Structures are given as structure tokens and as C-alpha cells.
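The values are calculated or read from the model by the stated rules, or taken from the named source; none is laboratory data. All values derive from a computational prediction rather than experimental measurement. Here the Cβ positions follow ideal geometry from the backbone for every residue, glycine too, while neighbour counts run over all protein chains shown. Accessible surface is based on the protein model in full, side chains and every heavy atom, while ligands, DNA and RNA are left aside. Shrake-Rupley method; radii C 1.70, N 1.55, O 1.52, S 1.80 Å.
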Amino acid sequence: MFTVLICGNIKTEKLAVFSEEIAAISRGANYYPIEISKPFGEEPLDSEVSGGASQFYSAMNCNYMVYLNCLPESNKKVKYSCSEISDDLTDYFVKAKNRSEFLEFVKSLAEASIVDMTEELYLVFSDEWDEGQDVRLIESDLDGVVSYFTDNNGWDLWLYNVANRTYVTKHHYIPLVFKVF
């Protein structure tokens with residue numbers, strides 16, 4: 001299941017304000033953020049990402065993690081999903097859609113200066129994430145995150161098949177992590 005996480009080491013004195021800002025910006029973009037104190041145990045992370053996310057949380061000394069849920073709590077069919085973000089990014093790139101809701105969300109994070117409240121901040125995109133699995137790590141500011149997605153059709157690694165004149169996705173099981181500065 002497609003997963004988008006915002007996590008990091010948030011300055012202790014800014015933790016409450018950071019959490020409120022993330023929640024407000026998320027809800028403004030029609031995401032339903034789920035704060036996760038530790039990404040293991042009975043927490044809401046999908047089992048396909050919990051091993052890698054738990055290891056990442058510990059190894060990077062994170063003290064905050066939020067799961068961006070695209071489904072309201074009233075939707076009981078699927079417990080947690082971020083597939084709308086993946087669809088939005090794909091439509092923006094492949095179908096040349098004029099606007100991406102997710103990229104507008106990232107721009108709102110930049111406008112709120114949330115990076116200034118952190119020691120380290122990460123945006124994580126994954127379908128599956130096993131403990132010990134390598135990730136693609138990109139260090140960037142939030143404008144660079146927007147540029148990456150503008151140029152690369154989402155977080156998957158897309159290649160172009162010349163013979164068929166179509167884009168094909170490859171390596172969609174390798175998590176993509178942005179270390180945001």
C-alpha cells in the first residue's frame with residue numbers, strides 16, 4: 001500500500017507547534033494525518049512498510065512521525081491509504097494536469113517554514129519497506145522536492161520505452177526519502 005510519511009527530529013520546544021502546523025496544512029489539503037509515536041507495535045503503519053520505517057525512525061533518531069492518510073476516518077473499507085497522492089503525481093506528469101494537490105501541499109509546508117522547527121526532516125514515499133532495505137536518499141529543500149516530482153512522475157523510477165513510445169515504471173518497491181533542509 002502506498003505510504004507517505006513525514007518524520008524527523010523536531011526541536012523539543014517546537015514539537016507541539018510543528019505537530020499543529022502539519023495537522024492544519026494536511027487537513028487543508030484534504031489529508032487526514034495520523035501521528036505515530038513509534039512506528040511499531042499497534043501503530044497504524046501498514047505491515048509492508050513497518051519494518052523499514054521502524055528501523056529508519058530509530059537509526060535517524062526521529063522523535064516525530066506522521067502518516068498522510070488520504071481517507072477520512074469514516075471510510076471503513078480501507079484503513080489507511082495514500083494512493084490518491086500517487087495518482088495525483090502520475091496524472092500531473094503523464095496527463096499534463098495543470099495542478100498537483102500534493103505539490104501544493106509541499107509548497108504550503110515551505111511557506112509555513114516547518115523546516116526551521118527541525119533538526120532533521122524527512123519526507124518518505126514507499127510501497128514496501130523491509131528492515132535493512134536500501135532506500136534512495138535525496139537531500140533537498142522543499143522547492144527541490146517540488147522540482148523532483150515535476151520532472152519525475154511521482155516517486156517511482158520511470159523509464160521510457162523507445163520501441164513502444166510509453167513510460168514504464170520500474171523499481172517501485174525501493175523507498176524514496178527526501179532529507180529536507
TYR160: within 14 Å of the chain's Cα centre (by Cα) and at pLDDT below 95, yes or no?
no
If we ask which residues in segment 1-22 are open to solvent by 10 Å² or more (accessible area, probe 1.4 Å) and within 19 Å of SER58 (Cα to Cα), their number turns out to be 4
When every residue in segment 68-100 that is of a type in the set (Asp, Glu) and surrounded by fewer than 17 Cβ atoms within 10 Å (Cβ to Cβ) is compared, the one modelled with the lowest pLDDT is GLU73
Among residues of segment 23-38 being touching a Leu at 6+ places or on another chain (Cβ under 9 Å) and free of Cβ contacts under 8 Å to residues at least 60 places away in the same chain, the residue surrounded by the most Cβ atoms within 10 Å (Cβ to Cβ) is ILE36
Every listed condition ((1) without any contact (Cβ under 8 Å) to a residue 60 or more places away in the chain; (2) over 18 Å from ILE85 (Cβ atoms); (3) surrounded by 15 or more Cβ atoms within 10 Å (Cβ to Cβ)) holds for GLN133 save (1)
Of those in segment 110-130 that are over 15 Å from TYR67 (Cα atoms) and not charged (D, E, K, R), the residue surrounded by the most Cβ atoms within 10 Å (Cβ to Cβ) is ILE114
Can you confirm whether segment 152-165 contains a residue that is out of contact with any helix residue (DSSP H, G or I) (no Cβ under 7 Å at 6 or more places or on another chain) and hydroxyl-bearing (Ser, Thr, Tyr)?
yes
